[in-house]
Every structure is written in structure tokens, then in C-alpha cells.
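Let me begin by presenting the structure, written as C-alpha cells, before commenting on it.
The values are calculated or read from the model by the stated rules, or taken from the named source; none is laboratory data. Just so you know, these numbers come straight off a predicted model, no measurement behind them. All Cβ positions, even for glycine, are placed from backbone atoms using ideal geometry, and neighbour counts span all protein chains on display.
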DNA sequence: GAAAAATGCTTAAACGTTTAACTATTTTGA
DNA sequence: TCAAAATAGTTAAACGTTTAAGCATTTTTC
């Protein structure tokens, strides 16, 4: 009589069948133990767990997916520009999603798309191949992308962005509050001529930050008619901040404080100020937004509105998971609170 | 008589069975057509392809993987520090792997590990769960990680790093050549007191760059005994470059050119020079290494050694794939050529 | 003390592919 | 002319799980 014995080398993985044999139970029992389903006696459970440990068993993802019709993957979409962005903003958000995905035993598939995505362009493969259970879109993306994605009936959560058309679940920062905090801080420090500098003005987040700025000025009965507002719709970059500051100072000389729409812009503004012999914060105070921690050699350290980036990623994954589970279409929105980090770039002039 | 008809909604995916029914062939035939195997007549092939198109069929990855015992995934490991790094160096390499992986119909799973990984720490999940067919490790990682990974018999390719112990396949830049190019450029421009500034000196790539620097000096019969070499083993950062430049200039006043071990370091050096009223390139020329294209507002633009980052990622994936296919253990090494990009930060003093 | 309910485990089908082995037909070769 | 070879397709097992349904036991209920 010939018995075929499967030799388990270190390279091969033990299967549920091996565990069942080892524990002398059926494979169904093993499955029930592994998934904490069904009614299994303490005794049997122990036997099975022991066998699992002995054989170093791990369930096969492929097999699980095949039967559960879930992939266990989450797609993360980012424009290439944002991914390669100098300041680690979206990369930190990604790290947050990675972190939370691990906790719920999922994988995050990262895909970048062109910032100039237009109708008909190829979507990330994981969508057409249905290799994800849900999608996270971080940062501003073209409407065409949103439209293309929504044709596939896959749950989507947006982070730090909300498409203008349609109603989607998203996780955003409290931009209005941030704008208020930043501007109030400057007002409380005696500043009266406070400028706003920013790009991507069509981005809802930036609009909100500007709204916070204006609201704070109004409340303080300061001039808020916008003559100190220097905006455009270009990418929020250092270069952009530099150029905007230049324009601003060529028009207005008596500015004592600047609220920049984000840190990158603020760094550009600071560079302009340094190059033109305005001392920070003695001559001009600068406030940013985002709080991108990095080796940027910024002097003085920037007062800014801290955005909890990791947390945003975590929240997005949690939100997405409930959507995947319930296939609930209600567009829940999560607003993450912000806080002001006062550092060396602002100063009281009272 | 009751016929159960599977209704294909837009949400459900057509399976190979649906295609087979539509084309009135067996599912094996469909599989053979899809995979270009076997002997199938033109006629049948056409029928099948038509049905595939009509039903918008895409093979299920889960099912494929289950039977092929391959995951179709590639793991990409990076230290958290490198991932969040200001200059988009490793992120660009990642993009290269993503690009090539797409071409060979694979997915890249990104995982970050702590820079202080030590024996016993958890490896990225995709390893223990065997959710990848091969692994790419980018940048310098602790030896403990290399050791832990190699216990799993999974193909590994290193990018921009080569573990000291063991013999692994890798893709590296021609660092020696780069060091030579950079230093020769300065020598040809009449510089005699050329300093080398860099961190991570235990990193083989940096050692090679330094070797290139020394070799070039020797060839030109210039002093190469190392008194103008300022190195440490800390992370290559702006801050590091700034501090090193400071130390250097406190000791030596007549330096006219600096070769920095990478661009980040060079930016730090430039910042120090600016802060201390050394004009670039009039007083001091600066050369970097890497060529990280980004919105960094660097003035003047940095002369540097260009490293083809995307290409490195591409090469690594190709190398990894041949290893996966052949399970060939020979540690192939690929050296990517570099070129000097002359920009505004260097000047002839002849 | 018998019917009903609870407990503990097993059987077997299903998920969607790939592929070795097989069958049936047509073509080739001497 | 007929065996051998080539061609074109099919059958069925296998991959490793999950889970509904089923089947013995044992316990509860009245």
C-alpha cells in the first residue's frame, strides 16, 4: 500500500488540510476555529490551535478571496505631483492608511495618476481589474477622474478634497477653523495689515482657509475687502509663494504679517522675505498651514496650523471599511480638528 | 422546465464560464485563448475574443493565483525615513517599479520599516503572509532586516544598496564614476582646494563616491590626503550638510569648491554658504549627487550627478522577475550609468 | 420520559481559474 | 490504403478556502 505523504518543507506553506490532519478534525472545523465562527468546544479549539502553531499555518489569501469575493485590498490614488511633492503631506496620509489597513488585515495599493487626467485616460489597473474592495482618493484630482471612478460601483472615500459635482464621503480638515486660528493669532499679536497668499484657489480647502481669514478679519473689524489677498489657481508650491510674495510687496509695503495657504507656500514667502532683507519675524510674521515635519532647514521655524495627517488616513480607511461592509451609500463626512502650532516665525508687535 | 440564468449586472463580473457559454465552447478553450496556449483555430479564437469583448471579461486574479501559486505581487521595502524624505529620490525609484510592474501585470506592495529595525521586529506582512513573489529593498537598511528576509526563500533585489554580509542581486548607480565626474568637473574648472562633505559614510554608495573624489584628485596630482573630507555616519540631510559645512569652514578658509555626497547635503551646504555670505558660485562652487527634481527653490540651480531613478526601479523589477521565473540564485548586479548635469552652482576660476 | 432545543462536528458544494490527459477528427507519409 | 502524426477541442482534477446544510449526541423542558 502506497501512502502519499506531503512533505512540508520550510518553503511550502501548510494548508488547512495539513492542519486538519494534524489535529484529526475536518477542514471545516479548522476554518471555524480560525475565523471564530460556529460552536467549537474548548478542547477541539485547543487541538486545532496547537496544530496551527506546529505547522506554522497561515490561510491562503488567494483561496480566501476567491470564495469571499473580496480582495482584501484598498486602492490609494494620488496625483503624481502630490506623490513626488517635496513636503511629505500626502505621503504621511498614505502612511496612516497603511497603518490602519494593517490593523484590519488589508493591503493598500498605491497608484499615481497624471494631474492632467482627462476623460478616457486609463484608470489605475486595480479598478478595471477589480483588485480592490474600495478606493481612497487623496488630494485634489480632476473631475474627469471622479466621474470615471464613480462609474464602477466601488466605494470611494476622498481625503483632503471634495469633488464639486456629486456627493461623496470624505475626510477633510477643519480648514475654516484653521484659517480662523491662524488669522486670530496674528490679530492678537497686534497685526493689522495681514495678507493672504495662496494658490489652488479653486480647491475647496483653500477657499475655506481664505474664508477663515476673512471671517477673522471681519470679526476684528479689520479691513477684509481683499486687497491684501494674493491668490491664483496654480499648484501650491514654494515657487508660487515666492512669486506671490513678490507681487504683494511690489504693491503694498506696509504688510506686517502673512498667512500662507500652506507650508510650501509659506516657505516660498519666507525665501522672498529673506532675499529682500525683511526680517522674520521682526519685520514680517508668517503663518503656514499643514505642519509638514521634515528636514527642511527652515529658519525661523514656522508657526503653522497642524493637520493630523496620519489620523486622516486612519479615519479614511475606517470609513471606507464600513462602506465596504454595509454597501451603504450615505456620504458620510468626517471633519478632523486642527490646532495652531506657534513657533518662531510670528511675533507680537503690540 | 426552469432555467437558471445568471444575470450579469454591471456590478458583477463575467466569469470564464459566461464567456464559454456565450462562445459555445468549453471553459478550457477560453482559458487557452486568453493565455495564448494550446492549439486553437483562428475561427474559435475569434469567437472567444468576441465573447470576451461582449461580456467585458477579465480573469479573476484570485482564481489565477490560487492555481498558479503565484501572487502577482512584488513587495517594495523602504525605511520610513526614506519614504518621508524631502527630496523625491526613493519615491521616484518606487514610481519606476510601479511602471514596470504594470507592464508585466504585477502589483507593487509598498511597506515601510523603521530605520532602527532590529532582530525579532516584525517584517512587512506581505512576507510572512507570502503575499509577494519577490521583494525589492530600496536604500540602506539594517543588516538585521536583510538577515530576517533571507530566511524566507523569496527572491530579493536591492536598489541603491548592497548588504555588507552575503551576496545579493542589486541595482546600483555607478557611484565611483559619479564621484570622478563631479570632482573632475571641478578640477577642470581650476579648483584646487576641493572639499568632500557627506554623511552615511558606512553606506557603500557614499564610500564609492568618496573614492571617486579621491581618485580624481590623485590623478590630477592634487592633495588627496583627506584633510578636506568632512564625513560622519548620520543621515544624509540638509541639516547634516549645513553642520558639516560649518565645521569645514571653521577649520579651512580657502576652500573654493565642495562636492557633496548627495543633493540634500548640497542644499544644506548652500544654505550655510548663503547664511555666511559666501557667494555661489563666485566664491564657492558646489556639486551634488542624485539630481532630485523638485520644487525646492534652489538658487542657483545645482550642478549635480544625475541618477536615473525611474530606470533603476525598472531594472530592479526586470531582474526580480527573471529570478522569480528561473529561481536562479546567481546574484546578478546591475550598474546604472550616471551623467553630470552642469548648472549654475559651479564656475571656472581659471 | 418523550419531544424539543442546543451543542459539536462533518459533508459537500462553491468560488474561477489552469492544465494534464484524453478524444475525435483531419492530414500526412510510404 | 492504412497507420502514424498532427490538429482542435473537451473533460475533469486541482488549487485552498468558506459555509450552508446535515447529522449525531447531549441537554433542556414540560
Only one of these is within 12 Å of chain B (Cβ to nearest Cβ), near DNA strand D (Cβ under 10 Å from one of its atoms) and either out of contact with any strand residue (DSSP E or B) (no Cβ under 9 Å at 6 or more places or on another chain) or modelled with pLDDT of 95 or more (or both): A:29, A:86, A:15. Name it. A:15
Is it fair to say residue B:92 is away from DNA strand C (no atom under 12 Å from the Cβ), surrounded by fewer than 21 Cβ atoms within 10 Å (Cβ to Cβ) and within 14 Å of chain A (Cβ to nearest Cβ)? no
When you look at residue B:121, is it surrounded by fewer than 18 Cβ atoms within 10 Å (Cβ to Cβ) and within 16 Å of DNA strand C (Cβ to nearest atom), yes or no? no
Meets criteria (more than 14 Å from chain A (Cβ to nearest Cβ) and in a loop (DSSP other than H, G, I, E, B)) for residue B:295: no
Need a quick list: strands (runs of 3 or more DSSP E) entirely within segment A:153-237 having at least 3 residues that are closer than 28 Å to residue A:97 by Cβ. A:156-159, A:170-173
Go through A:156, A:164 for me and flag whichever is in contact with a helix residue (DSSP H, G or I) (Cβ under 9 Å, 6 or more places away or on another chain), at pLDDT 90 or above and either over 21 Å from residue A:73 (Cβ atoms) or crowded, with 19+ Cβ neighbours inside 10 Å (or both). A:156
Any residue in segment A:258-271 that is in contact with a strand residue (DSSP E or B) (Cβ under 8 Å, 6 or more places away or on another chain), part of a loop (DSSP other than H, G, I, E, B) and assigned by TED's automatic domain parsing to the domain that holds residue A:235? yes
Between a residue in segment A:51-76 that is more than 16 Å from residue B:131 (Cα to Cα) and any residue that is near DNA strand D (Cβ under 9 Å from one of its atoms), which pairs come within a Cβ distance under 7 Å, given they are 6 or more apart or on different chains? A:51/A:19; A:52/A:19; A:55/A:14; A:55/A:18; A:55/A:19
Scan segment B:54-75 and give yes if some residue there is over 23 Å from residue B:321 (Cα atoms) and away from DNA strand C (no atom under 11 Å from the Cβ), otherwise no. yes
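Per-residue answers, yes or no, for (1) within 27 Å of residue B:85 (Cα to Cα); (2) crowded, with 21+ Cβ neighbours inside 10 Å; (3) assigned by TED's automatic domain parsing to the domain that holds residue B:254:
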{"residue": "B:279", "(1), (2), (3)": "no, no, yes"}
{"residue": "B:282", "(1), (2), (3)": "no, no, yes"}
{"residue": "B:287", "(1), (2), (3)": "yes, yes, yes"}
{"residue": "B:293", "(1), (2), (3)": "yes, no, yes"}
{"residue": "B:303", "(1), (2), (3)": "yes, yes, yes"}
{"residue": "B:324", "(1), (2), (3)": "no, no, no"}
{"residue": "B:333", "(1), (2), (3)": "yes, no, no"}
Flag if residue B:112 is buried (at least 22 other Cβ atoms within 10 Å of the Cβ) and within 11 Å of another protein chain (Cβ to nearest Cβ): no
Look through segment A:305-322, keep the residues that are surrounded by fewer than 18 Cβ atoms within 10 Å (Cβ to Cβ) and farther than 19 Å from residue A:175 by Cβ, and return whichever of them is modelled with the lowest pLDDT. A:322
Which one is nearest to the chain's Cα centre (by Cα), of the residues in segment B:33-82 that are within 14 Å of DNA strand D (Cβ to nearest atom), in a loop (DSSP other than H, G, I, E, B) and within 10 Å of chain A (Cβ to nearest Cβ)? B:71
